[in-house]
Amino acid sequence: MACCLFIPMTHAQEQKKGRGKPLGSVDGIAITEPQVRNEGADDLESLELKKLREKASYAENEYEILTNALERVVAEKLLAAEAQKQGISKEELTSREIDRKVQEATNEEIELFYETNKQRIKMSKEEALPQIAKYLNKQKAALARQTYLEKLEKEHKVVRSMEPLRFNVNADGRPVQGLPSAPVSLVLFSDFQCPYCKEMSETIKEVIKNYGKKVRLVFRQMPLTSIHPYAQKAAEASLCAAAQGHFWEMHDLLFADQGNLGEKDLKQRAGKLGLDTDAFSKCLDGKRYAAQVREDVRAGSSAGVDGTPALFVNGRYLNGNRPYEDIADVIDEELGGKKQ
């Protein structure tokens, strides 16, 4: 007698099969899963973006843990090497060179800390002063330890070869300035209605001016529609202009007047740039680049972006409106430590 072989369905197959079943009905008319998903599309997309950001956050937290652990291991090995060099135990070395050199916080320091921070302290002064003393003493001990470790590091050979955390922010087919051969790739996620993004755009112009062919800039869209209602259409408008070869000119016009980003304003800017206004209007009204903007938002979320501006220097994440010096420091590291 023959017997059938049971092969269980995969999760994807189960989901596909489940979607064929009605999720409800009204007067016998079925309510399908696609209908329900369409109704909840915005919330589902927000949930997906949250999931992507959480995955990136896990990577960031893991990297931070490993970085801190590496520093602790380096510190212990430095102390052990110096103790062996001096022919004493690590405990004796630590006691002599660190613990005995820590001066306890004075009453004046404790009082000053309290007066400076009393608006944030949620306990009486009598309760707070002993806690402040413990905190300041702990800070002094940590500073003494760090100072001594820095001294030891100059006397012993220490090499750190842990690579910086990098995210893959593929930028193919996006507006770009610079050569593909540039050793440093800058990928900027930005929002045309965001005032900090406007400031960052000026900083990036200075970076490009000073680094020239060493850097390549890619612009990706990150409209924060929950707080910037005109940002989505402005993003689409910039890409409609890009289709006619004028992305960066539109980029500058959008940032120049962030208070006027309605659809009528966007179309006027197209005319100001001498674009084919009929083609631009069809592009904007037809939401031709809405999907591409969503792809950029997903890409940014996958790399941990939850605000703008956000810059990636060879995949290294710099969040927020950073000053020129912060960006230059990372670029210089990527170029091998050569200051520009």
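The numbers here are math on the coordinates, done by the rules we state, and not lab data. Fair warning: this is a prediction, and the values are worked out from it, not measured in the lab. When we count neighbours, we look across all protein chains shown, and the Cβ atoms used for this are built from the backbone with ideal geometry, even at glycine.
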**OP:** Give a residue-ordered list of calculated ³J(HN,Hα) values for segment 50-57 (Karplus: 6.51 cos²θ - 1.76 cosθ + 1.60, θ = phi - 60°; whole Hz; x for Gly, Pro).
**Re:** 4, 4, 5, 5, 5, 5, 5, 5
Original post:
Using 1/(1 + (r/R0)^6) with R0 = 30 angstrom and r between the beta carbons of GLU150 and SER124, what's the FRET efficiency to the nearest 0.05?
Top reply: 0.20
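How much of the DSSP beta bridge set in the chain is antiparallel, as a percent to the nearest 5? Kindly include the intermediate steps, with their values, before the conclusion.
On the way: 13 of 20 bridges.
If I count the DSSP bridges inside the chain, around 65 percent turn out antiparallel.
Using helices alone, I'd like the mean residue ellipticity at 222 nm for the chain: each DSSP H run of four-plus residues gives -39500 (n - 2.57), total over residue count, nearest 500. List each step's numbers first, then the result.
Numbers: 13 runs with 193 residues, N = 340.
-18500 deg cm²/dmol, from helical runs alone.
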Subject >> Where labels lie 7 Å past Cα in the beta-carbon direction, separation of ASP276 and GLU39 in nm >> reply: 4.3 nm
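Share of antiparallel DSSP beta bridges in segment 176-334, in percent to the nearest 5? Please list the in-between numbers first.
On the way: 10 of 17 bridges.
Once the DSSP bridges in segment 176-334 are tallied, antiparallel ones form about 60 percent.
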Original post:
Given labels modelled 7 Å from the Cα in the Cβ direction, how far is it in nm from MET162 to GLN84?
Top reply: 2.2 nm
Original post:
What's the angle, to the nearest 10 degrees (0 to 90), between helix 290-302's Cα axis and the longest principal axis of the chain?
Top reply: 20 degrees
**OP:** Return the lysines within reach of LYS50: Cα separation strictly under 29 angstrom, same-chain partners fewer than 8 residues apart disregarded; answer none if there are no such residues.
**Re:** LYS16, LYS17, LYS21, LYS198, LYS233, LYS287
Original post:
How far apart, in nm, are the 7 Å Cα→Cβ label points at GLN177 and ASP326?
Top reply: 2.0 nm
Original post:
For segment 30-119, which GluC sites (Glu not before Pro) are both in a DSSP coil and crowded by at most 15 other Cβ atoms within 10 Å?
Top reply: GLU104
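With the cut-off at 24 Å, report for the chain the share of all Cα pairs above it, as a whole percent. The partial results should precede the final answer.
On the way: 41092 of 57630 pairs.
Roughly 71 percent, rounded to a whole number.
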Subject >> Backbone HN-Hα couplings from phi across segment 93-102 [Karplus 6.51/-1.76/1.60, Hz, Gly and Pro as x] >> reply: 4, 4, 5, 6, 8, 10, 4, 6, 9, 7
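For each of PHE189, PHE247, count neighbouring Cβ atoms within 10 Å of the residue's Cβ, then give the residues from fewest to most.
Ascending number of Cβ neighbours within 10 Å: PHE247, PHE189.
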